[in-house]
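Read through the structure below, which is laid out as structure tokens, and then see the notes.
Each value in this text was obtained by applying a stated rule to the coordinates, not by laboratory testing. The structure displayed is predicted, hence computed values, not measured ones. Note: ideal-geometry Cβ built from the backbone for every residue, glycine included; neighbour counts use all protein chains shown.
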Amino acid sequence: MLAFLVIGYLNYHGIYPAETSLWLICLTCTLIFRFIISVIAQKYPDKNIYYVLLISSGFLLGGLLGGFYWSFFYEMTLFQRMILLLFFVGLTAGSTVSMAASPLAFTLFVLPIYVPILGRNYLIQLQSHKS
């Protein structure tokens, strides 16, 4: 639902769905995959493989979110970047409660979100100092 809000906001400001549709499809497929895993895992006693799949898909989900910021950095205004960062911070805060049982799952979800953000902003700062 929140992904559609981000897409709608970006569409309103000139970044059209044709540019973001692949990202949205990947995000939706990952979320559906995570939901299916969580439903199936409740029925089987051996949950190790499902735990690994959930953690891996959480890492992929975080990478999709962080990659979105990296990919559309130059197409967004500073205000849009701040809105997107606020969205990511809220998403991270909300995931704290749901992933509190597994610090590994939380870490592998949050790191791929923030590493591209920090990396892109650091590279921009390096480029501005060289100029």
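Just the ratio, please: alpha-carbon radius of gyration of segment 84-129 over 2.2 N^0.38 Å, N its number of residues. Before the final figure, lay out each step's value.
Values: Rg = 13.1 Å, N = 46, 2.2 N^0.38 = 9.4 Å.
Scaled against compact globular proteins, the figure is 1.39.
Under the Kirkwood approximation applied to all pairs of distinct alpha-carbon atoms, what is the hydrodynamic radius of segment 2-130 in Å?
Details: mean 1/r = 0.0630 Å⁻¹.
About 15.9 Å, per the Kirkwood formula over Cα pairs.
Checking understanding here: applying a Kyte-Doolittle mean of at least 1.0 and a length along the axis of at least 20 Å (C-alpha), which whole DSSP H helices in the chain pass? Numbers along the way, then the final one.
Values: long enough: 17-41 (35 Å, 1.68); 48-71 (34 Å, 1.20); 78-98 (30 Å, 1.53); 103-130 (39 Å, 0.74).
Membrane-span-like by this rule: 17-41, 48-71, 78-98.
Please give the direction-averaged projected area of the C-alpha convex hull for segment 2-76, in square nanometres with one decimal.
Numbers: hull surface 20.2 nm².
Directional mean of the projected Cα hull area for segment 2-76 stands at 5.1 nm².
Ignoring everything except DSSP H segments at least 4 long, calculate the 222 nm mean residue ellipticity for the chain; use -39,500 (n - 2.57) per segment, divide by total residues, nearest 500.
On the way: 5 runs with 109 residues, N = 131.
Calculated from helices alone, the mean residue ellipticity at 222 nm is -29000 deg cm²/dmol.
Specify which residue in the list His129, Phe35, Phe79 is farthest towards the positive end of the charge dipole of segment 17-131, using unit charges on the beta carbon of Lys, Arg (+1) and Asp, Glu (-1), about the Cα centre.
Ranked along the dipole, the leading option is His129.
Whole Å is fine, so just give me how far the alpha carbon centre of segment 14-50 lies from that of segment 55-131.
18 Å
Would you mind computing, in nm to one decimal, how far apart the modelled labels at Lys130 and Ile49 are, each placed 7 Å from Cα along Cα→Cβ?
Rounded to a tenth, the inter-label distance reads 4.8 nm.
Counting only C-alpha contacts under 8 Å and six or more residues apart, can you give the relative contact order of the chain as a whole percent? Walk me through the numbers before you get to the answer.
Details: 79 pairs, mean separation 36.3, N = 131.
Over the chain, the number comes to 28 percent.
For Thr107 and Ser38, what is the calculated FRET efficiency with R₀ set at 22 Å and r taken between the beta-carbons, to the nearest 0.05? Could you put the intermediate results ahead of the total?
On the way: r = 19 Å, r/R0 = 0.87.
Calculated transfer efficiency: 0.70.
May I ask you to list the residues of segment 77-101 whose amide nitrogen lies under 18 Å from a point 7 Å from Cα along the Cα→beta-carbon direction of Leu5?
So the set is 79-98.
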